[in-house]
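Visitor: Handing you this structure, nothing more for now.
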Amino acid sequence: MPDEKPNTEQCIFCQIISGKVSSRKVYEDERCVGILDINPANPGHVLILPKAHHGLSPMVPDDEMMALAIAAKRISFAQIRALNAQSTNIFIANGAAAGQKAPHMMIHVIPRKEKDGISCFTLPKNKLNTEDYEKLYKAIKTRMDERMR
Ligand SMILES: [Zn+2]
């Protein structure tokens, strides 16, 4: 699991945000930046980073998460207009098992075209019996209700 402690000296993304390491920022507001990925899944792939160091998305305060979502919407629209992308993927790899490799939480915004060769977004459609469906519903809903109290 990425370290949640402030880690700005070792974190390459914190250094990018502070300007110690150069990048091409396509977006910036008071809470986040959007930079062009130097190893893009597709040309124009943008990484949106909260300016504060957070290892995982559940640690990101709500106001910062809202800023990240708004940035993702705007960058997605710009990619479609500027790059003639047909679509975009917006996703977070939240933890190592989900494919997170960086120590700094980020949102990927990837311009997409038909038959562009990216297949990692093909999700399986597994069967689920009614009993398991209800168990999963109760587990998540109970936890959500506890958090809202
Ligand atoms: Zn960082």
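Visitor: How many residues does segment 59-91 contain that are within 16 Å of the ligand (Cβ to nearest atom) and modelled with pLDDT under 95?
Guide: Within segment 59-91, residues that are within 16 Å of the ligand (Cβ to nearest atom) and modelled with pLDDT under 95 number 1.
Visitor: Can you list the strands (runs of 3 or more DSSP E) lying wholly within segment 21-116 that have 1 or more residues being open to solvent by 40 Å² or more (accessible area, probe 1.4 Å) and closer than 23 Å to residue 9 by Cβ?
Guide: Filter on segment 21-116 gives 25-28.
Visitor: Kindly establish whether residue 4 is outside any helix (DSSP H, G or I), at pLDDT 95 or above and surrounded by fewer than 15 Cβ atoms within 10 Å (Cβ to Cβ).
Guide: Here the answer is no, as residue 4 does not meet what is asked.
The values are calculated or read from the model by the stated rules, or taken from the named source; none is laboratory data. All figures in this text were calculated on a predicted structure; none of them were measured in a lab. Cβ coordinates were reconstructed from backbone atoms using ideal geometry, including for glycine residues, and neighbour counts include every protein chain displayed. Surface accessibility is based on the protein's heavy atoms, side chains included, excluding ligands, DNA and RNA. Shrake-Rupley method; radii C 1.70, N 1.55, O 1.52, S 1.80 Å.
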